[in-house]
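Undergrad: Sharing a structure here in structure tokens format.
Where a number appears in this text, it was derived from the coordinates with a stated rule and is not lab data. Keep in mind that this is a model prediction, so the values were computed, not measured. Note that we place each Cβ from the backbone using ideal geometry, even for glycine, and neighbour counts take in every protein chain shown.
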Amino acid sequence: VLGQLMTILGAHRISIAQVIQAAGAGRSTDEDAITPLDTPPVWVVVLTHEAREGDVRAALAEIDALAVVREPARVIRIAG
């Protein structure tokens, strides 16, 4: 899943500064879990370098459309 996110961001010329994923994330306690949708949800935080608004919005639309995404992405703009 992280690979999908990074591919989309890269395709929209969005450079990654940092990625945070909860420890132990994505590990299912269900032995029958075989797909990402069978695993517990995980929060992923992506901090980017400065990017154009249109590129960010386009990337988020693609990310939100992924089958493995359970909630819409949220953006917190950090002015620097």
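Undergrad: Please give the net charge around residue 9, taking every other residue with its beta carbon less than 10 angstrom from that of residue 9, where Lys and Arg add +1 and Asp and Glu add -1.
TA: Net local charge, residue 9 excluded: -1.
Undergrad: Under a point spin-label approximation (7 Å from Cα along Cα-to-Cβ), what is the residue 53-residue 77 distance to one decimal in nm?
TA: Taking the simple label geometry, residue 53 and residue 77 are separated by 0.6 nm.
Undergrad: According to a simple spin-label model (label point 7 Å from Cα along Cα-to-Cβ), what is the distance in nm between residue 64 and residue 15?
TA: Taking the simple label geometry, residue 15 and residue 64 are separated by 2.7 nm.
Undergrad: So how do 41-48, 67-74 stack up, highest first, on mean other-Cβ count within 10 Å?
TA: Highest to lowest by the protection proxy: 41-48, 67-74.
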